[in-house]
Amino acid sequence: MICLPLFGMAQASNIIVKTAHSSLVFKKENNGTLKQLYFGEALQNSNDYNALPNRRDVAYPTFGTSYLFTPAIRTAHNDGNPSLDLQYISHTQQETTTGIEETIIHLKDPQYPFEVDLHFKAYKNEDIIEQWMSVVHHEKKPITLNNYASAALSLRAPQYYLQHFHGDWATEMQAEEIRLTAGIKTLDSRLGTRAQMYQSPSFLLSLATPAGEDNGEVIGGTLSWSGNFKFDFEIDEQNQLRILAGMNEQGAEYTLAPNTVFNTPALLYSYSNTGKGTISRNFHRWARKYGVMNGLGDRFTLLNNWEATYFNFDEKKLTSLFDDAKELGVQLFLLDDGWFANKYPRNSDKTGLGDWEENKEKLPNGLGYLVKEANNRGLQFGIWLEPEMVSPKSELYEKHPNWIIKLPNRPEHYYRSQLVLDLTNPAVQNFVYKIVDDMMTKNPGIAYIKWDCNRMITNAYSPYLKNTQSNLYVDYVKGLYKVLVQLRDKYPKLPIMLCSGGGGRVDYGALPYFTEFWPSDNTGATERVFIQWGYSYFFPSIAMSAHVTDWGTYNLKYRLAVSMSGRLGFDLVPKKLSAEELALCQQAIKEYNQVKHTIWQGDLYRLQSPYTNNLAALMYNSEDKNKAVVFMYHTQQLFDPGTTYPVKLKGLDPSKQYRVTELLVAPGKKAMCKANGKTFSGDYLMKAGIESGTKRAQDAVVLSIEAL
Ligand code: GLA
């Protein structure tokens with residue numbers, strides 16, 4: 001193995017991976033086969049686990065012997081034998097950190113020196129299970145792994161409903177729910193980098209009937225991996241469902257040298273019999289503690305200049321935007337794309353990526369000057385980078401043609417006029433690390449980075465990997481993580497936004513190194529209501545950057561209300577705002593600062609879905625139930641007399657009295673919601689509810705609710 005001492009070696013043949021409300025049970029059979037007996041609500045009495053009937057569900061199915069469905073793992077041995085048989089050898093179980101129990105089940109082929117460990121981390125209080133697989137062999141020559149799933153999960157129910165999240169640039173995370181039928185439904189990605197642009201590595205799987213927000217049995221899963229992924233949902237002839245989750249092995253059959261441990265990324269999953277709302281709150285609680293960098297900490301409000309200037313700026317324009325940022329009341333100015341490269345200046349998206357020195361025409365005094373000017377105004381300064389990429393028109397391209405992913409004997413294939421650097425190569429990893437490290441060493445005042453990744457991999461070929469080309473997709477992401485680990489060792493606190501041409505890379509493989517992510521370049525308010533709704537199933541609001549911009553034709557109050565439900569920022573030219581509009585933005589920032597901790601750290605309740613209602617509504621409640629913030633968005637174009645119906649709040653203390661205050665009400669303007677300024681019991685707010693008072697598209701109401 002993977003050899004570990006047998007801590008807490010269990011005697012019973014059942015192995016139970018247990019969180020507060022769920023359990024996953026395995027059984028070792030006398031012939032050595034490891035079966036999965038159960039996954040569902042935790043049983044109260046541990047003796048009852050002995051009553052579970054035997055199953056044919058192999059815990060981690062292999063290819064080539066008697067298993068007839070999609071295997072979790074497939075390989076051929078050095079002697080040409082194409083089969084694998086994995087038998088239980090031992091397992092360990094111990095609480096590694098308070099509240100986290102780790103289980104490792106060691107399996108081995110009885111005939112070949114080929115070993116697999118199944119790893120489980122049970123986060124007790126958060127009700128999350130993290131599962132991955134590691135494999136090692138001691139055969140003489142390398143072997144090829146054809147399949148290598150992180151997790152295999154068996155479920156039995158009369159019907160299965162799958163909700164998944166897909167889209168494209170500017171339409172990320174659109175939710176769709178389908179009933180699964182016999183055969184295989186696959187969700188996957190083959191994009192390499194920016195891997196999730198078309199499909200998110202996340203799902204909700206309901207058992208028996210489609211689960212609601214508060215009812216029904218449902219499993220939520222998301223893969224901690226920023227590269228190609230694959231989920232197979234396979235229903236067999238007995239109507240049993242098997243979920244296989246992991247990296248996508250298509251074009252990525254992995255060559256594994258002897259005595260080298262290969263780790264797969266973790267599938268994170270959670271079981272609930274109280275609907276999808278519980279799943280989201282579990283993921284959010286887990287993520288703030290373990291899944292997102294500094295998830296319990298603070299975030300900057302900021303002004304970004306991307307939509308405000310695009311590539312067209314100079315020091316004067318920027319420092320004038322600093323003044324605007326100051327007047328607006330945000331904490332940081334974020335300088336976007338276009339600030340670098342001299343031989344091929346970055347004046348459009350066609351040139352300069354890779355040449356990370358200040359453009360002398362636009363910034364003759366360098367970044368240091370901008371940091372100083374921002375700081376002089378009491379602002380922090382942040383900067384955009386796209387470190388994994390290269391423009392064909394760049395000095396980097398000219399100097400290091402061997403650092404670029406592209407096929408020999410084929411024309412170069414561009415997307416956004418750029419190519420991807422070969423992060424499997426340690427020299428490239430070092431180059432990417434140094435882009436950040438050199439910049440931070442020279443300008444230690446830089447307080448924030450936006451890390452972008454604007455294309456996928458096509459014409460996949462690594463000059464570095466030579467004859468193990470199909471390791472590229474896996475080794476690229478592992479190379480990226482190596483760089484991020486190194487950066488975090490040196491810069492443990494620096495806030496970094498994870499961006500990928502919008503939301504092309506949002507997953508818990510990358511988020512431990514990032515404080516927040518950019519959900520979409522689409523900042524149109526109504527579109528954002530849907531996009532943010534999709535992400536909210538798995539990712540907490542503290543990580544969700546939401547900027548008020550001029551995209552679309554939405555009124556300012558509506559735009560502010562939508563952005564305030566995440567990490568608030570702006571990307572517009574404040575000088576173009578009227579005095580009234582500027583005042584509303586200033587008021588929004590002040591009010592946001594009062595309620596942001598409830599939004600960031602609170603429990604999310606999705607009250608009314610934009611998919612089925614003219615009025616979308618959600619709320620965040622503080623853990624002690626003393627504070628809540630409610631957001632209501634009238635998204636549809638038609639006048640809607642229906643919104644005279646009350647919206648019932650959730651998660652409050654029925655016995656407490658709460659005062660309702662409407663935010664974003666400009667001085668001299670009337671509140672929209674009649675409940676404004678009134679006091680109600682939690683019981684009333686949850687049973688009788690409150691009417692939003694919204695009437696037409698783009699009406700928005702934000703309510704702060706405080707216990708007396
Ligand atoms: C991507 C990002 C945008 C912006 C541009 C700059 O598209 O998603 O927010 O930073 O790159 O080129």
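None of the figures in this text is laboratory data; all of them are computed from the coordinates on show. Fair warning: this is a prediction, and the values are worked out from it, not measured in the lab. Don't worry about glycine lacking a Cβ; one is built from the backbone with ideal geometry, like all the others, and counts go over all protein chains shown.
Summary of values
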item: Proximal lysines relative to residue 317, as straight alpha-carbon distance under 16 Å, when same-chain residues fewer than 8 apart are discounted; result: 326, 360, 362, 372, 575, 576
item: Given the chain, longest segment not containing exposed loop GluC sites (Glu not before Pro) (DSSP; at most 12 other Cβ within 10 Å); result: 1-236
item: Dipole axis of segment 185-304 (+1 Lys, Arg; -1 Asp, Glu on Cβ), positive-most option in 239, 254, 278; result: 278
item: Segment 674-708 and segment 35-50: distance between their alpha carbon centers, rounded to Å; result: 43 Å
item: Whole-Hz ³J(HN,Hα) from phi, Karplus 6.51 cos²θ - 1.76 cosθ + 1.60, for segment 613-630, glycine and proline x; result: 9, 5, 10, 8, 8, 8, 8, 10, 10, 5, 4, 7, 6, 8, 9, 8, 10, 10
item: Radius 10 Å from Cβ of residue 86, net charge of other residues (Lys, Arg +1; Asp, Glu -1); result: -2
item: Relative pair counts by distance (%), Cα atoms of segment 454-580, 5 Å bins; result: 2, 9, 17, 17, 15, 13, 11, 7, 5, 2, 1, 0, 0
item: Summed side-chain charge close to residue 546 - residues other than residue 546 whose Cβ falls under 9 Å, Lys, Arg +1, Asp, Glu -1; result: +2
item: Value at 222 nm in deg cm²/dmol, rounded to 500, when DSSP H runs of n ≥ 4 in the chain each add -39,500 (n - 2.57); result: -5500 deg cm²/dmol
item: Relative contact order of the chain, defined on C-alpha pairs under 8 angstrom at six or more residues apart (%); result: 10 percent
item: Label-zone membership for segment 425-456, site residue 402, 7 angstrom Cα→C-beta point, backbone N under 18 Å; result: 425-432
item: Ascending count of other beta-carbon atoms within 10 Å, so fewest first, for 207, 480; result: 207, 480
item: Charge dipole magnitude, Cβ of K and R +1, D and E -1 - segment 11-131, Cα centre, debye nearest 20; result: 300 debye
item: Potential extension, residue 181-residue 208 segment - 0.36 nm per residue separation minus Cα distance; result: 8.4 nm
item: Magnitude of the charge dipole, segment 109-258, Cβ model with Lys/Arg +1 and Asp/Glu -1, debye to 20; result: 340 debye
item: Cut-off 14 Å between beta-carbons: net charge of the residues surrounding residue 97, Lys and Arg +1, Asp and Glu -1; result: -2
item: Cα-centred dipole magnitude for segment 541-583, charges only on beta-carbon of K, R (+1) and D, E (-1), debye, nearest 20; result: 60 debye
item: Set of aspartates and glutamates with alpha-carbon distance to residue 27 below 20 Å, sequence-local pairs under 8 removed; result: 41, 48, 57, 85, 101, 102, 109, 115, 117, 130
item: Unit charges at the beta carbon, dipole of segment 511-613: most positive-side option, 577, 595, 544; result: 595
item: Between segment 200-244 and segment 439-499, the Cα center-to-center distance that results, in Å; result: 30 Å
item: Cut-off under 5 Å, modelled amide H: who pairs with residue 449 long-range; result: 383, 496, 497
item: Residues of type lysines that residue 185 reaches as a straight line, Cα spacing below 22 Å, ignoring anything fewer than 8 places off in the same chain; result: 230, 276
